[in-house]
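The values are calculated or read from the model by the stated rules, or taken from the named source; none is laboratory data. Remember, predicted model here, so these are calculated numbers, not experimental data. Heads up, the Cβs are rebuilt from the backbone with ideal geometry, glycines too, and the neighbour counts pull from every protein chain shown.
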Amino acid sequence: MKTISTATKFLMMASLASPALTAHAQDKFRVCADPLNPPYSTKEQSGYENKIAALFAKQLGQELEYTWLPERIGFIRNTLKAENDNGEGFKCDVVMGVPAGYDLTDTTKPYFHSTYVLLIAKGRGWDDIKDSTQLASLPLDKQEKLKIAMFDRGPGTEWLQKNGLLEYGVPYQSMTGDNEHNIAMQIEQDLRAGKIDMVILWGPMAGYVQSQSSKNSYIAIPMQSSPDMKFDFSIAMGIRQGDEKRKQQLNDLIAKNLDKIQAIVAGYDIPLLPIPAQTIKKDDDD
């Protein structure tokens, strides 16, 4: 690491910063986040993205400030790309977790890589499942008993369709609009209640579900990517296009703290894979 710290360089460059970096904003690490989105972020700042943001703010000697908004369609437009009401700068500067190569923002280097997981509640007749391919080869009378969550979008639903299991899916929306539960919270409650027995869920959300019960409550089977279906993705931080100084600052912080960051993420029972040299875009709504 270079002798001059990233924080020092950032302060030295403050007078040359873009108009978006107002004097008011330069002493703050300003994050756009959902106030009820465990395990990512919560207003109590208990999510892993909150912990990483706090780590960065501390190292920069800046106050951590949040702009809270439910992460729905329009989240980026109404936070990262939205100007303050007084017309001076933007509401916030960083989204702590977006897919690497995300279309709606510029992105930093990735800081972790995870995969979707087939999560099966134990004790309901499915304990012999050791691989996702077994579901597709079950006898018809057994398949008809499946209660597997199926989302309106995502590789899990595509996998069910490809393997002839779509008719046994229990439908869920990826964005609930629920002010009291995000999708991970709803899935956890419905698994516990027996409304569903299994789900193909993104790694961080699968980790959250597992963390709410005893360690032996679920079988967790990582989904394997194939040439025609991708289950693993890299996660980076999102910034406004053209905000190159902030991007370099965050990249320096990620490089310096990668071990700490991955330890934070792993502490939330999130399955971690090696970060590949090249990442693939994952499209999403704005």
**Hits in the range 74-103 - residues which are part of a loop (DSSP other than H, G, I, E, B) and touching a strand residue (DSSP E or B) at 6+ places or on another chain (Cβ under 9 Å)** = Thr79, Leu80, Lys81, Ala82, Asn84, Gly89, Lys91, Cys92, Asp93, Ala100, Gly101, Tyr102
**Request:** Considering (1) in contact with a Leu (Cβ under 9 Å, 6 or more places away or on another chain); (2) part of a helix (DSSP H, G or I); (3) within 30 Å of Gln62 (Cβ to Cβ), say which one Gly238 fails and leave the rest.
**Result:** (2)
**Complete set of residues in the range 126-156 that are under 24 Å from Phe233 (Cα atoms), surrounded by 16 or more Cβ atoms within 10 Å (Cβ to Cβ), of a type outside the set (A, V, I, L, M) and at pLDDT 95 or above** = Ser132, Pro155, Gly156
**Prompt:** Any residue in the range 223-231 that is under 23 Å from Lys145 (Cα atoms) and touching a residue at least 60 places away in the same chain (Cβ under 8 Å)?
**Reply:** yes
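Somewhere in the range 164-172, is a residue outside the structural domain of Gly47 (by TED's automatic domain parsing), surrounded by fewer than 21 Cβ atoms within 10 Å (Cβ to Cβ), over 22 Å from the mean Cα position of the chain (by Cα) and among the aromatic types (Phe, Trp, Tyr)? It would help to see each step written out before you state the result.
The first filter runs over the range 164-172 and keeps only residues outside the structural domain of Gly47 (by TED's automatic domain parsing), leaving 164-172.
Filter once more, so that each one left must be surrounded by fewer than 21 Cβ atoms within 10 Å (Cβ to Cβ): 164-172.
Keeping just the survivors that are over 22 Å from the mean Cα position of the chain (by Cα) gives 164-170.
If we keep only those that are among the aromatic types (Phe, Trp, Tyr) as well, we get 168.
Among the residues of the range 164-172, at least one is outside the structural domain of Gly47 (by TED's automatic domain parsing), surrounded by fewer than 21 Cβ atoms within 10 Å (Cβ to Cβ), over 22 Å from the mean Cα position of the chain (by Cα) and among the aromatic types (Phe, Trp, Tyr), which makes the answer yes.
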**Prompt:** With respect to Glu71, is the statement that it is among the charged types (D, E, K, R), surrounded by 20 or more Cβ atoms within 10 Å (Cβ to Cβ) and not in a strand (DSSP E or B) true?
**Reply:** yes
**Request:** Return the pairs, sorted by first residue and then second, in which the second residue is outside any helix (DSSP H, G or I) and basic (Lys, Arg), the first residue lies in the range 240-269 and is at pLDDT 95 or above, the beta carbons are less than 7 Å apart, and the residues are 6+ apart or on different chains.
**Result:** Arg240/Lys81; Asn251/Lys109; Ile254/Lys109
**Prompt:** Quick check: anything in the range 181-192 at pLDDT 95 or above, in contact with a Lys or Arg (Cβ under 7 Å, 6 or more places away or on another chain) and not acidic (Asp, Glu)?
**Reply:** no
**Asked** Is the range 92-106 home to any residue that is farther than 19 Å from Ser234 by Cβ and either touching a Lys or Arg at 6+ places or on another chain (Cβ under 9 Å) or surrounded by fewer than 16 Cβ atoms within 10 Å (Cβ to Cβ) (or both)?
**Response** yes
**Request:** Residues being of a type in the set (Val, Ile, Thr) and free of Cβ contacts under 8 Å to residues at least 60 places away in the same chain: count how many of those fall in the range 105-152.
**Result:** 2
**Subset of the range 270-286 that is part of a loop (DSSP other than H, G, I, E, B) and modelled with pLDDT of 95 or more - its residue that is nearest to Ser234 (Cα to Cα)** = Ile275
**Prompt:** In the range 108-156, what residues are charged (D, E, K, R) and part of a loop (DSSP other than H, G, I, E, B)?
**Reply:** Lys109, Lys122, Arg124, Asp127, Asp128, Lys130, Asp131, Glu144, Lys145, Lys147, Asp152, Arg153
**From the options Met198, Met205, residue that is in the same structural domain as Asp127 (by TED's automatic domain parsing), modelled with pLDDT of 95 or more and touching a Lys or Arg at 6+ places or on another chain (Cβ under 8 Å)** = Met198
